[in-house]
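Data block below; observations after.
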Amino acid sequence: MIRLVLALVLSATFLPAKKRPNILFLFADDQRADTIGAHGNPHIQTPHLDLLAKEGFSFRKNYCAGSFSGAVCVASRAMLMTGQHWMSLPKEKPQANWGSNQTLPALLKKTGSYQPFIIGKWHNGKKTLDQSFSNGRSVYMGGMADHTNFKVQDLKDGKLSDKRAAGAFSSTVFADDAISFIQKGEKENPFFLYVSFMAPHDPRNPPKKYREIYYKNRPPLPKNFLPQHPFQNAPQATSGRDEGLAPWPRTKKMISDQLSEYYGLVTHLDEQVGRILSALQKSGHADNTIIVYTADHGLAMGSHGLLGKQNVYEQSMQCPLILSGPGIPKGKSSEAFTYVHDLYATLCNLVKVKPENKIDSEDLTEIIRGNAKEVRKSLFLPFQDNQRSVNDGKWKLHIYPQINHQLLFNLEKDPHEIKDLAKNPSYSDELKRLKELMNEWRKFLQDPTPIRSENPLPSKPTYSNEKRVLDRWQPRWIREKYFDGRNDTNHGNPRSKKSSFNFENIKLQMKDLKGNPVQFSNRFFSGDHLKIEVINKISADFDQDEKIDMAMIANIDSGGSGNFRHLFLLKNDGQNLIESDKVFLGDRIEIVDLKSKDSQISVRYLDRAQTDSFAIKPYIEKGKKFRIENMKLVSFL
């Protein structure tokens, strides 16, 4: 029986603002759960996190609840800030559209007189930042950057300053600002200090001495190391940015080097966390501050032949969670299933603030106090529309709906998910039971994705080192080491301002503003960091002007924000009459109808048993060109 509670009911205990504890929220990026020494890893140096674990309470089975996006951090942070599972967020643009959900910082400010302050990464857009914070320092409005060379903005009274050079390594910059805030912290009202680090996310370029630690004393490879993943679990497995950080097949030496560099980032981050905690101790705030340390999700780092987090294996979805402070037992831990977004309800209870809207987040305080062992019996991990898993503590089932593939693991005997038992008839009862359990979760969350496809995609992966993605943030030494010195970056480049498109005789053409044509090959259009592949199209005289219009689904690589699957209706003179970003990368979609009478276009999702209709925009003035950057594309990677 699934124990998820949509409505959280808390006692409305009143506390004066000055008596509420401060909250110091330390948020790592891409940190595996097994990268803390105190949690059982003797190969990594994390003395300050070890001490935090000794002084606090650790949740050892903490997970990101899957993702609607290949940029898993976007989904994880949306869930944390709203207390909602990603399937409960608005369907359109959930990465930057949280609807009427009240964010945790806004709730703490309104109900508990907290002073929210943000430092570091914010990857969910300015609108959600406005919903959450009015003040901050060294805010990085993006997903990743070279840790040694990036720009930040300061936030004052809701306004972001011009960008300025950060001036030092990312973890150091954010720790410096956190220390400054703590030292100047007011004592009348409690603070909610949100420090969102960019480490240990790649580029894996820690200061040299930190990676040298692990080059000299190398951590062992993951027990589930593979040279490459054996099947196409998701589109990102063979074409994603994360997976392109090393060539296929992965060699043991290559993974050993990257693991050493990754551990170096963690150890350097640990040192900065230690500096922040030391400042807190000296400030006079320590006895009245709840400390949270967690991460948005984990990372494969060679497990199962993967490098990224776009999968539902344990190493990629599991991440650390430690709480310390007043009322929290020291040196204790729990094996209960938890999600990162459970922190919303938990922090509310710890500081006696009542949520004002329904949330999916579960309150963990009874586990912390020793009055309960769990808040849920099982764990569900849905990833986009291509992966699902369910875990009951002993058994774990993976289902890959796009390729009709499944895996079954006995986690008690095989915690690293190495031996697949799905085809063993001896375990057919377990397989059936877990499918039923998964369907309970799917029903509860109103999961629209069928777990089996009538038209499955090929399961055999095609790895091409020639098509590896190289983002612009990788420093020179990493390009030399892992990309053969390559310079032609094809991800993260500044979005072009030189391209526009027109229809001429029903042929889609692209020209720069000087009138020069861009390259055209087969169905691909490319130029100025822009590539468009037409996936599906239908032509009709939409507006009955005796000229043909075109509806088109296109895969777009815009450089600046990654890849998109997008639906357009283009008038015969090139005008954009409709656009929709409801379409996920990897969706197989057929345009089935244009209805000029009621201004609708209809599409059918081949793998979701679902259709959509979109209203047409009013006619835009004839002859006006539009630019790619004005299409409001939204990334699902």
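Quick notes on this structure:
- Those residues of segment 337-348 which are more than 16 Å from the chain's Cα centre (by Cα) and either modelled with pLDDT under 95 or open to solvent by less than 10 Å² (accessible area, probe 1.4 Å) (or both), in sequence order: THR338, ASP342, LEU343, TYR344, ALA345, THR346, LEU347, CYS348
- Search result, residues across segment 118-134 that are surrounded by fewer than 22 Cβ atoms within 10 Å (Cβ to Cβ) and assigned to a strand (DSSP E or B): none
- Segment 181-199, residues that are touching a residue at least 12 places away in the same chain (Cβ under 8 Å) and surrounded by fewer than 19 Cβ atoms within 10 Å (Cβ to Cβ): GLN183, GLU186, LYS187, GLU188, ASN189
- Enumeration of residues in segment 436-455 that are open to solvent by less than 70 Å² (accessible area, probe 1.4 Å), of a type outside the set (A, V, I, L, M, F, W, C) and more than 25 Å from the chain's Cα centre (by Cα): SER453
- The listed residue being surrounded by fewer than 18 Cβ atoms within 10 Å (Cβ to Cβ) and out of contact with any Lys or Arg (no Cβ under 7 Å at 6 or more places or on another chain), out of SER100, SER58: SER100
- Look at segment 361-382: where a residue is without any contact (Cβ under 8 Å) to a residue 24 or more places away in the chain and a partner is open to solvent by less than 10 Å² (accessible area, probe 1.4 Å), sitting 6+ places away or on another chain with Cβ atoms under 7 Å, you get THR365/THR346.
- Top-ranked residue in segment 349-391 [being of a type in the set (Gly, Ala, Ser) and surrounded by fewer than 24 Cβ atoms within 10 Å (Cβ to Cβ); ranked as farthest from PRO450 (Cα to Cα)]: GLY370
- Residue selected from segment 302-336 under the condition under 20 Å from the mean Cα position of the chain (by Cα) and not in a loop (DSSP other than H, G, I, E, B), by the criterion surrounded by the fewest Cβ atoms within 10 Å (Cβ to Cβ): GLN318
- Residue that is touching a Lys or Arg at 6+ places or on another chain (Cβ under 9 Å) and not in a loop (DSSP other than H, G, I, E, B), where the choices are GLN258, GLN232: GLN258
- Residues in segment 456-476 that are touching a Gly at 6+ places or on another chain (Cβ under 7 Å) and open to solvent by 100 Å² or more (accessible area, probe 1.4 Å): ARG472 alone.
- Here ASN288 meets the list (1) at positive phi; (2) open to solvent by 20 Å² or more (accessible area, probe 1.4 Å) almost entirely, failing just condition (1).
- Residue count, segment 442-483 (criterion: part of a loop (DSSP other than H, G, I, E, B) and more than 30 Å from SER260 (Cα to Cα)): 15
For every residue, the table says whether it meets (1) charged (D, E, K, R); (2) within 18 Å of the chain's Cα centre (by Cα).
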| position | (1), (2) |
| --- | --- |
| PHE174 | no, no |
| ILE179 | no, no |
| LEU193 | no, no |
| ILE213 | no, no |
| LYS216 | yes, no |
| ALA237 | no, yes |
| SER260 | no, no |
| TYR263 | no, no |
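- Residues of segment 118-171 satisfying the condition of being free of Cβ contacts under 8 Å to residues at least 24 places away in the same chain, hydrophobic (A, V, I, L, M, F, W, C) and closer than 21 Å to ILE23 by Cβ: VAL139
- Of the criteria (1) of a type outside the set (A, V, I, L, M, F, W, C); (2) touching a Lys or Arg at 6+ places or on another chain (Cβ under 9 Å); (3) in a strand (DSSP E or B), which one LYS396 fails: (2)
- Remark: THR128 matches the filter, which requires a residue to be under 18 Å from the mean Cα position of the chain (by Cα) and hydroxyl-bearing (Ser, Thr, Tyr).
- Filtered residue count, segment 404-421, keeping only those that are outside any strand (DSSP E or B) and surrounded by fewer than 20 Cβ atoms within 10 Å (Cβ to Cβ): 11
- Filter result (in contact with a strand residue (DSSP E or B) (Cβ under 6 Å, 6 or more places away or on another chain) and within 30 Å of LYS187 (Cβ to Cβ)) within segment 71-117: PRO105, LEU108, LYS109, TYR114, GLN115, PRO116, PHE117
The values are calculated or read from the model by the stated rules, or taken from the named source; none is laboratory data. Model, not experiment: these values are computed from the prediction. FYI the Cβ positions are ideal-geometry reconstructions off the backbone, even for glycines, and counts take in every protein chain you see. When the accessible area is computed, the model is the full protein with side chains, heavy atoms only, and any ligands, DNA or RNA have been set aside. Shrake-Rupley method; radii C 1.70, N 1.55, O 1.52, S 1.80 Å.
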